[in-house]
Amino acid sequence: MNSINPAAADEESPAWVRALNEAQREAVFATEGPVLILAGAGTGKTRTLISRLRWILHCGLARPWEILAVTFTNKAASEMRTRARANWEENNDAPRDEMWRWIGTFHSLSLRMLRGFPEAAGLQKGFSILDGDDQARVIKEQAQLLKIDTSQHRPRTLLEMVQGWKDLALLPSQVGSTDQSRWLKGDLGEQLYERYQERLRDLNACDFADLIFHPVRVFQKETDILESWRSRFRYILVDEYQDINTAQYLWLRLLGGGHKNVCAVGDDDQSIYSWRGADIRNILRFPTDFPGTQTIRLEQNYRSQPRILRVAGKVISANTERAGKNLYSHLPEEEPVRVGGFWDDRAEAAFISGEAENLRRNGLAYSEAAVLVRITAQMRELEERFLADSLPYRVVGGLRFYERAEIRDALAYLRLARYSGDDLAFERVVNRPRRGIGETTLRHLRTAQNSTGGSLAEVGQRLLSGGGLRNPAARNLAAFLSSLEQWREHVESLPLLDAARRILEDSGYLAMWRTDKSFESAGRLENVESLIEGLSDFESMEVFLEHVSLVMEQWQGADEERVSLMTLHAAKGLEFDAVFLPGWEEGVFPHMRSREDKRDLEEERRLAYVGVTRARRHLYITYAASRRLHGRVEVQRPSSFLELLPESELAFLHDEAAPVVREGRPREAVKRSRASLAVRWRVGSRVRHEVFGAGEVRAQEGEWVSVHFADGEKTILSQYLTTGAGDV
């Protein structure tokens, strides 16, 4: 079957094969030996993979239980099973469900294998799989035995660290050189990992990462077990190969090392999950791992109009770690991609809201528009604007801004500082971060409250005065109530923004997220900082808290057409007629964490590629001259990604109010506006900035000026400085 000419196979093939394009048919017919299908965005990857499975069954090359088909989601596995079964049942007796048991996710298939050789993995038959809460309890138990401070190193963070090592297929003795091992002193990380695994064996249990880790280790040591599993499958098909981690990579390589009939489908240009352990090098080295690989590129895009594809291609072409593809489309060519800068993020949000409404008036449903942000902190300004304009929206893959746990925590602190009788706020934050005020102390407070009345804070004061609590609970509660009095004074005496920051700093809440080592901690901290900065729009704490209450109560019908708001990571696999990509500024997109690492920067470009290719017809890319980030207004520099955009495919938006925007070709216009606005400042000059106050010029490069202010040195666009004096 490998010799079938895909261009000449139409008459002898079923209708579902004839419906494929030539490259897709080539991928379907190449049944023997290793095959790498590089499938660009919108090129029919899923259709091709399922057609390949159906073709193998159609030709009698294998029976259903002789094909190992691996996906990342249960939904994808279910779709593959359903469509393969429909084809099989046309020519065979109705099959039993177990005939299709080898089409599934990595973890479900590997678990099925592990059930067949538990003893080889140090387990017994009937082993259990612990849920997240049980795993956290086990690792907390072991951490405490090692005298690891679990208030500084949260159990779930420690668990992520250990499971990350398993995803790298590392034994405890091999973790010393990893970055994560430096979170703990000495060899504590190694000891914790080893103790955790020993405890799981005592419990005859696995965690989720073990489901891949254990079979890999068994296959590496027990060749007879490996060969028995290799012999079961004539073909292996793998979806989303660019997203596999090291353990999954080894699992597949070991199983496919016999017949080598391994077909991997993926897109190296959409590898955006390195923070989850995915390694783009796995897909790039597939031809080396499996010599004789036939590489087939799917490049005809069925989703986006040609201008959008040319923009996407230009952005991703700057990457060096890629196999290379050139997407094209036979769809009608439509309007150019619109690019524009705005004075600040408020103006940017107003434009997006207004343009979404314009698109709807022109016949585009709200549900066909999406706003894709790089960081969740961008959402607050957008949500506020959408609410003000009554633009219906939904947050996809996450919570709305004010529904996020860290925002609810911060709001509880502010509510309690303003309204001392807010018992719900009291209960939420009294032990967050941990202060040694646990559930036992709270039960004492509630019992006393039922007898005497009053708020929990008042009841606590009475119990302390009457000796109703013993140390250390009494000491810890007294310290918290004393802090609460200070926070109330801050609300009365300080500007609103300053009061909020003092409260969240003094409480240790911001420090809790700064010291947290989990991946999401940086995003949570950015969200809280965004909340604090947003207080500058309100005249008092009461007005702000009332505003939040009204926002939280705003009704959104379940069936209402709504604009989608989500992160770029959450958008992968989705598509919309109109896509807005705000925040194309250095430090936002590309993210500041990518500034010093070429591999991280290339992943940011892949993320840009993913965002651009979500759009079918209309695409908007925007940036702002200033943005509220990290608790202050930051002067922003346009993203270096903007200079990659092909000018022939763009229309430059015009905003008279924004100094960074002028009519004309984008790259040259941005440079020209920078040059025309650049003011030369002599080193040593005294200058003033609207936000940072008085400062002294230390250096200047082009339009960027290094200025020493009272709170440190900052790099500022020259046009935002004025002549001034004052103490620094």
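The values are calculated or read from the model by the stated rules, or taken from the named source; none is laboratory data. The shown structure was predicted, so the numbers you read here are calculated from the model rather than taken from an experiment. FYI the Cβ positions are ideal-geometry reconstructions off the backbone, even for glycines, and counts take in every protein chain you see. Remember, those area values only see protein heavy atoms, side chains included, never the ligands or the DNA or RNA. Shrake-Rupley method; radii C 1.70, N 1.55, O 1.52, S 1.80 Å.
Tally the residues that are surrounded by fewer than 23 Cβ atoms within 10 Å (Cβ to Cβ) and over 27 Å from residue 536 (Cβ atoms), restricting the search to the range 360-379.
Adding up the residues that qualify gives 9.
I need a count of the residues in the range 119-136 that are at pLDDT 90 or above, open to solvent by 70 Å² or more (accessible area, probe 1.4 Å) and assigned to a helix (DSSP H, G or I).
Result for the range 119-136: 1.
Search the range 479-532 for residues being open to solvent by less than 30 Å² (accessible area, probe 1.4 Å) and in a loop (DSSP other than H, G, I, E, B), and hand back the single one that is nearest to residue 375 (Cα to Cα).
Ranking the candidates gives 518 first.
Of all residues in the range 380-398 being farther than 14 Å from residue 569 by Cα and hydrophobic (A, V, I, L, M, F, W, C), which is surrounded by the most Cβ atoms within 10 Å (Cβ to Cβ)?
Out of the qualifying residues, it is 382.
Using beta carbons and a limit of 8 Å, which pairs, at least six apart or on different chains, have the first residue in the range 391-413 and over 15 Å from residue 378 (Cα atoms) and the second one in a loop (DSSP other than H, G, I, E, B) and of a type in the set (Ser, Thr, Tyr)?
Final answer for the pair search is 413/507.
The rows are residues; the columns are (1) among the hydrophobic types (A, V, I, L, M, F, W, C); (2) under 30 Å from residue 332 (Cβ atoms).
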{"residue": "235", "(1), (2)": "no, no"}
{"residue": "252", "(1), (2)": "yes, no"}
{"residue": "308", "(1), (2)": "yes, yes"}
{"residue": "313", "(1), (2)": "no, yes"}
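Please enumerate the residues belonging to the range 45-61 that are in contact (Cβ under 8 Å) with a residue 60 or more places away in the chain, surrounded by 17 or more Cβ atoms within 10 Å (Cβ to Cβ) and over 28 Å from the mean Cα position of the chain (by Cα).
Listed by number, the residues that qualify are 52, 53, 56.
Go through the range 323-354 and count every residue that is of a type outside the set (Val, Ile, Thr), part of a helix (DSSP H, G or I), open to solvent by less than 20 Å² (accessible area, probe 1.4 Å) and touching a Ser or Thr at 6+ places or on another chain (Cβ under 9 Å).
Going through the range 323-354 one residue at a time, the tally reaches 2.
Restricting the search to the range 422-434, which residues are open to solvent by 50 Å² or more (accessible area, probe 1.4 Å), in contact with a helix residue (DSSP H, G or I) (Cβ under 8 Å, 6 or more places away or on another chain) and either farther than 27 Å from residue 154 by Cα or touching a residue at least 24 places away in the same chain (Cβ under 8 Å) (or both)?
Hits for the range 422-434 are 427, 432.
Among the residues of the range 140-176, which ones are in contact (Cβ under 8 Å) with a residue 12 or more places away in the chain, assigned to a helix (DSSP H, G or I) and open to solvent by 30 Å² or more (accessible area, probe 1.4 Å)?
Those that are in contact (Cβ under 8 Å) with a residue 12 or more places away in the chain, assigned to a helix (DSSP H, G or I) and open to solvent by 30 Å² or more (accessible area, probe 1.4 Å): 140, 141, 145, 156, 160, 163, 167, 173.
Among the residues in the range 447-470, are any surrounded by 17 or more Cβ atoms within 10 Å (Cβ to Cβ) and within 26 Å of residue 157 (Cα to Cα)?
No; the residues of the range 447-470 include none that is surrounded by 17 or more Cβ atoms within 10 Å (Cβ to Cβ) and within 26 Å of residue 157 (Cα to Cα).
Could you tell me whether any residue of the range 202-210 is surrounded by fewer than 23 Cβ atoms within 10 Å (Cβ to Cβ), in a helix (DSSP H, G or I) and not acidic (Asp, Glu)?
Checked the range 202-210: no residue is surrounded by fewer than 23 Cβ atoms within 10 Å (Cβ to Cβ), in a helix (DSSP H, G or I) and not acidic (Asp, Glu).
Out of the range 36-60, which residues are closer than 11 Å to residue 266 by Cα and not in a loop (DSSP other than H, G, I, E, B)?
Answer for the range 36-60, where residues must be closer than 11 Å to residue 266 by Cα and not in a loop (DSSP other than H, G, I, E, B): 36, 37, 38, 39, 45, 46, 49.
Against the condition in a helix (DSSP H, G or I), modelled with pLDDT under 90, open to solvent by 40 Å² or more (accessible area, probe 1.4 Å) and among the small types (Gly, Ala, Ser), how does residue 86 come out, does it pass?
Yes.
Which of the residues spanning the range 288-306 are over 27 Å from the mean Cα position of the chain (by Cα) and hydroxyl-bearing (Ser, Thr, Tyr)?
Residues satisfying the conditions are 288, 293, 295.
Looking at the range 457-470 only, could you name the residues that are at pLDDT 80 or above and either at positive phi or in a loop (DSSP other than H, G, I, E, B) (or both)?
Scanning the range 457-470 gives no hits.
State whether one or more residues within the range 420-428 are more than 23 Å from residue 545 (Cβ to Cβ) and either among the basic types (Lys, Arg) or modelled with pLDDT of 85 or more (or both).
Looking for residues that are more than 23 Å from residue 545 (Cβ to Cβ) and either among the basic types (Lys, Arg) or modelled with pLDDT of 85 or more (or both), one finds none in the range 420-428, hence no.
Which fully enclosed strands (runs of 3 or more DSSP E) of the range 660-713 have 3 or more residues being buried (at least 19 other Cβ atoms within 10 Å of the Cβ) and modelled with pLDDT of 75 or more?
693-701
Could you give every pair whose Cβ atoms fall below 9 Å, whose first residue belongs to the range 192-208 and is in contact (Cβ under 8 Å) with a residue 24 or more places away in the chain, and whose second residue is outside any helix (DSSP H, G or I) and of a type in the set (Gly, Ala, Ser), counting only separations of at least 6 or pairs across chains?
Taking only residues 6 or more apart or on different chains, the pairs are 197/122; 199/205; 201/122; 203/128; 204/126; 204/128; 205/128; 206/128.
In this structure, is residue 357 farther than 21 Å from residue 42 by Cα, acidic (Asp, Glu), free of Cβ contacts under 8 Å to residues at least 40 places away in the same chain and open to solvent by 20 Å² or more (accessible area, probe 1.4 Å)?
yes
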